[in-house]
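The values are calculated or read from the model by the stated rules, or taken from the named source; none is laboratory data. Just so it is clear, the model here is predicted, and its values are computed rather than measured. Cβ placement follows ideal geometry from the backbone for every residue including glycine, while neighbour counts extend to all protein chains displayed. Protein only, heavy atoms only, side chains kept; ligands, DNA and RNA dropped before computing areas. Shrake-Rupley method; radii C 1.70, N 1.55, O 1.52, S 1.80 Å.
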Amino acid sequence: MTETDIARTRLSEVEGRIAAAAGAAKREASSVRLIAVSKTFEASAILPTLQAGHRCFGENRVQEAKGKWPALRQQFPDVELHLIGPLQSNKAREAVELFDAIHSIDRPKIAKAVADEMVRLGKRLDLFIQVNTGEESQKAGVLPKDAAQFVAYCRDELKLAIAGLMCIPPQDEEAGVHFAFLSQLAGDLGLAGLSMGMSADFETAIAFGATHVRVGSAIFGHRS
Ligand SMILES: *Cc1c(COP(=O)(O)O)cnc(C)c1O
């Protein structure tokens, strides 16, 4: 098997599991977007997945993404790139230039910086607000109690169209509880997008309405 064959096999395994989970939840498989999380992998390791036909990728660092995606994009111009890791406001310009979506909007300063850069570049990104559903001190995201006010700020003050909410459940807790919570919160706020679910729990996330699953190791293998 070539590298591309291996990538195709892994992708279709994950896509098959997505389709099965969607079917079980009486949803269309096409209502779930698969973001292939390529963080830590070099361009040469990402290439087979591109050659296998996948076009939607996630990275967690602006600097790292900047090092590999511009060249890959020359070869595959229809790539869609999602920033799934924390963003510093001094990186907002580069992030807006490079990415098509940001899943980690979690404070006014970042929202404002991204809004300003989108205007400046005449570019619209899909923006997700990260919610720290487990209220973990080391984790990014707006606290659940502050989510409604922050969404209102983004919408009313900054005139941002918010695509949805994102969460990363605590490692030692049942993910489904957090997915259910995020889904309810998004519904309350009138937001359609739900970015939740990783390699270990994307099927559970789909059962709770995930529209975007962020899957790394199940596609690319373990990260060193
Ligand atoms: C790394 C990462 C993922 C993918 O994790 P896997 O367990 O490898 O699927 C998803 N979301 C975020 C925010 C990540 O940083």
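Peptide packing: for 203-214, 64-75, the average count of neighbouring Cβ atoms within 10 Å per residue gives the ranking 203-214, 64-75, highest mean first. If you take the square roots of the eigenvalues of the alpha-carbon gyration tensor of the range 164-210 and sort them as a ≥ b ≥ c, do you get rounded (a/c under 1.5), prolate (a/b over b/c) or oblate? Here the range 164-210 falls in the prolate category. Using a probe of 1.4 Å on the protein chains alone, the accessible area found for M198 is around 80 Å². For the pair the range 172-222 / the range 124-141, the C-alpha centres are spaced 13 Å from each other. Between R155 and L143, the modelled label-to-label distance comes to 2.3 nm, taking each label 7 Å out from Cα in the direction of the beta carbon. Name the residue farthest towards the positive end of the dipole of the chain from the options T204, V79, L194, assuming +1 on Cβ of Lys and Arg, -1 on Cβ of Asp and Glu, about the Cα centre. Going by the Cα projections, it comes out as V79. In this structure the chain gives 48 Å² per residue of accessible area when probed at 1.4 Å with all protein chains present. When +1 charges are put on Lys and Arg Cβ atoms and -1 charges on Asp and Glu Cβ atoms, the dipole computed for the chain relative to its Cα centre reaches about 540 debye.
Shape of the range 144-224 from its Cα gyration tensor (a ≥ b ≥ c, root eigenvalues): rounded if a/c is under 1.5, otherwise prolate when a/b > b/c, or oblate? Since a/c reaches 1.5 and a/b is larger than b/c, the shape of the range 144-224 is classed as prolate.
With contacts taken as Cα pairs under 8 Å at a separation of at least 6 residues, the chain carries a relative contact order of 20 percent. Accessible surface for E117 stands near 20 Å², nearest 10, in the context of the full protein assembly shown (1.4 Å probe). Dipole orientation for the chain: of the candidates Y153, T40, I129, Y153 has the Cα lying most toward the positive pole (charges on Cβ; Lys, Arg +1; Asp, Glu -1). Shape class for the range 71-224, computed from the alpha carbon gyration tensor (a ≥ b ≥ c): oblate, with a/c not under 1.5 and a/b at or below b/c.
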